[in-house]
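The values are calculated or read from the model by the stated rules, or taken from the named source; none is laboratory data. In this text the structure is predicted, and so the values were computed from the model without any measurement. Cβ coordinates were reconstructed from backbone atoms using ideal geometry, including for glycine residues, and neighbour counts include every protein chain displayed. Surface accessibility is based on the protein's heavy atoms, side chains included, excluding ligands, DNA and RNA. Shrake-Rupley method; radii C 1.70, N 1.55, O 1.52, S 1.80 Å.
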Amino acid sequence: MKGIILVIDGMGDRPIKELNNKTPLESANTPNMDKMVEEGITGIMDTIRPGVRPGSDTAHLTLLGYDPYEVYTGRGPIEALGIDMDVNPGDIAFRCNFSTADDNMIITDRRAGRIQEGTDKIADTINTMNLADDVEVIFKESDGHRGVLILRGEGLSDKITDSDPKKEGKKPKTVKPLDDSPEAKKTADIVNKFVEESFRLLKNHPVNEKLISEGKVPANIVLPRGVGEVPHLKTLDEKFGFKSACVAETGLIQGIGKLAGMDIIKIPGATGGINTDIDSIHKHIIKTVKDDQYDFILINVDGADEAGHDGDYLGKKGFIEKVDVIMGDLREIDDIVLFVTADHSTPVSVKDHSGDPVPVFIKADGLRVDDITEYGERAAAKGGLCRIRGSDVMQIIRDLMGVTDKYGA
Ligand code: ZN
Ligand code: ZN
């Protein structure tokens, strides 16, 4: 028996007028998932708790059986682990965006036109920065417009605010200490200096001159956010005795997998968007599921979330249909407990994560099936699983795998 959580990131949504008041999932043509729902059991889930808008990181930690309120220190360290950076205790890690600023340092594109190439050369330049004698700047590009900054040195703190204004048309926010400690003040000063230096160094960078000559926007400023120190987690092996693997597109989810002690299965061609190489993802999912060495697998496909953030309901619907093709193969595999879910809703009308519960279903042998025959938010709300929490998922999977002990006599 093998346990699998398959997360279609940000899939949950709300009815959309242009889709005849259906959600992207409800209006998508998903014959394979509908069939699995018919053979399985469905419900809805509050990943963290009702009304809490989860981040992808806190949501995945919860699904894996961790209490995010205990172990989560911020997104930066998870991203750093996800892109194979060496992280030491005491390091302060940030998630960064390559962004575009005008001459007055006003942000005109938070994602630098979703830049795909050249960020490694920009990272080389950033790594030449010297912001303080006793603090090392370590920077690495991640996928797309994303990167990670590590500050290593004495007397640093993660008790500071973000620089990212989160909106276009504004200047980077001045980073402020969140407590009175000299460590927080020192770190805030260094991060403010980092943002200014990035703008100074990247303005006339060859990669940006090339982008501009091609009529594209430059990646001429770097905005750190999601600061945190690296947490120490018990692995899934220590918690449940599971040898486990993580098949994910983004550094963020791979970082969660690493924290949980999972083997990371990289997917060539995966971009985390709706233009991702779905065939490559398909191949790697099936190969890992059929790999006998693993007891448990976490799978994450990211495109529906990106389409939700972009307000692209047709892109979201189309991506869900692509994932359904993978489901056709998973349906044929025996001896698995497959829990299919989203980590949170990303409604296209909100363009961000919402507190709406997500639709889930389980494929497994010996299930007490319900009457639901299609996969959708409203159908799932009538399913036999009813309304569960993300923190219940590992327990339910382990029970269906037959690996739990009876509680009591
Ligand atoms: Zn997510
Ligand atoms: Zn998201």
Report the residue, chosen from R14, R398, R200, that carries the largest GNM mean-square fluctuation when the chain is represented by alpha-carbon nodes joined by springs under 10 Å. R200
For I333 and D263, calculate 0.36 nm times their separation in residues minus their Cα-Cα distance, and state this gained length in nm to one decimal. 23.1 nm
Just tell me, in residue order, which DSSP H segments of the chain are both 18 angstrom or longer along the helix axis (alpha-carbon based) and at least 0.0 in mean Kyte-Doolittle hydropathy. 313-331
Using a simple charge model, +1 on the beta-carbon of Lys and Arg, -1 on the beta-carbon of Asp and Glu, nothing else, what dipole does the stretch 231-386 show about its Cα centre, in debye to the nearest 20? 220
Could you tell me what percent of the accessible area of the stretch 36-91 is made up of carbon and sulfur, with a 1.4 Å probe and every protein chain present? 45
For the stretch 229-246, Karplus-derived ³J(HN,Hα) couplings (6.51, -1.76, 1.60; θ = phi - 60°; whole Hz; x for glycine and proline) come out as 8, 5, x, 10, 10, 5, 6, 5, 5, 5, 6, 10, x, 9, 7, 9, 10, 10
Among G169, M129, L61, which residue has its Cα positioned farthest towards the positive end of the charge dipole of the stretch 43-175, with +1 placed on the Cβ of Lys and Arg, -1 on the Cβ of Asp and Glu, and the dipole taken about the Cα centre? G169
Lys, Arg +1 and Asp, Glu -1 on Cβ, resulting dipole of the chain about Cα centre, debye, nearest 20: 840
In square angstrom, what is the accessible area per residue of the chain with a 1.4 angstrom probe? 43
Take the alpha carbon atoms of the stretch 206-229, find their center, do the same for the stretch 86-137, and report the distance between the two centers in whole angstrom. 8
Dividing the convex hull volume of the alpha carbon atoms of the stretch 107-166 by its residue count, what do you get in Å³ per residue? 100
Out of C246, G226, I106, whose Cα points farthest toward the positive end of the dipole of the stretch 105-263 (charges: +1 Lys, Arg; -1 Asp, Glu; placed on Cβ)? I106
Based on Cβ point charges of +1 for Lys and Arg and -1 for Asp and Glu, what charge dipole magnitude is obtained for the stretch 1-55 about its Cα centre, in debye rounded to the nearest 20? 200
Using 0.36 nm per residue of separation minus the Cα-Cα distance, give me the extension gain between K170 and N127 in nm, one decimal. 12.9 nm
